Amino acid sequence: QVQLVESGGGLVQPGGSLRLSCAASGSIVRIDAMGWYRQAPGKQRELVATITSGNSANYADSVKGRFTISRDNAKNTVYLQMNSLKPEDTAVYYCNADMLTIAPFRTSAYWGQGTQVTVSS
């Protein structure tokens, strides 16, 4: 069974930092793009950042210069370093990965269960 497990969410004051992690496990042949999305109450899920297997990163305008996405291919893990957090960053953050699995032998998009990030004083 293939799964993505996130960790690192929590409560932080405005201006603070958090680091999210997402580890993939299971019968994985290859992981292509990985990314982070978020969904605030009453809003649609939106892209935060993505990173290719070649470490090319893409960011939403709202987080550029504050968030950094990275990955450790040896650990099948993607990270999101979040600095200078604002109340508007409050949301459930979801990890996403396009993975080629053994059974079934195909590439599919997988999602983590989500981790809550709350920015408040």
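Among the residues of region 52-67, write down those that are open to solvent by 70 Å² or more (accessible area, probe 1.4 Å) and not in a loop (DSSP other than H, G, I, E, B).
Asn58
Among the residues in region 99-107, are any touching a Cys at 6+ places or on another chain (Cβ under 9 Å) and part of a strand (DSSP E or B)?
Of region 99-107, the ones touching a Cys at 6+ places or on another chain (Cβ under 9 Å) are none.
Within region 99-107, not a single residue is touching a Cys at 6+ places or on another chain (Cβ under 9 Å) and part of a strand (DSSP E or B).
Does Gln39 satisfy being open to solvent by 70 Å² or more (accessible area, probe 1.4 Å) and either under 19 Å from Ser120 (Cβ atoms) or not β-branched (Val, Ile, Thr) (or both)?
No: the conditions fail for Gln39.
So Ala74 clears everything in (1) surrounded by 17 or more Cβ atoms within 10 Å (Cβ to Cβ); (2) closer than 24 Å to Ile102 by Cα except one condition, right? Which one?
Going through (1) surrounded by 17 or more Cβ atoms within 10 Å (Cβ to Cβ); (2) closer than 24 Å to Ile102 by Cα one by one, Ala74 breaks only (1).
I'd like the full set of residues that are open to solvent by 40 Å² or more (accessible area, probe 1.4 Å), touching a residue at least 60 places away in the same chain (Cβ under 8 Å) and more than 13 Å from Met82 (Cα to Cα), limited to region 1-31.
Correct list: Gln3, Val5, Ser7, Gly26, Ser27, Val29, Arg30.
The values are calculated or read from the model by the stated rules, or taken from the named source; none is laboratory data. Since we're looking at a predicted model, the values are computed, not measured. Cβ atoms come from the backbone with ideal geometry, glycine included; neighbour counts cover every protein chain shown. The accessibility values were calculated without ligands, DNA or RNA, using every heavy atom of the protein model including side chains. Shrake-Rupley method; radii C 1.70, N 1.55, O 1.52, S 1.80 Å.
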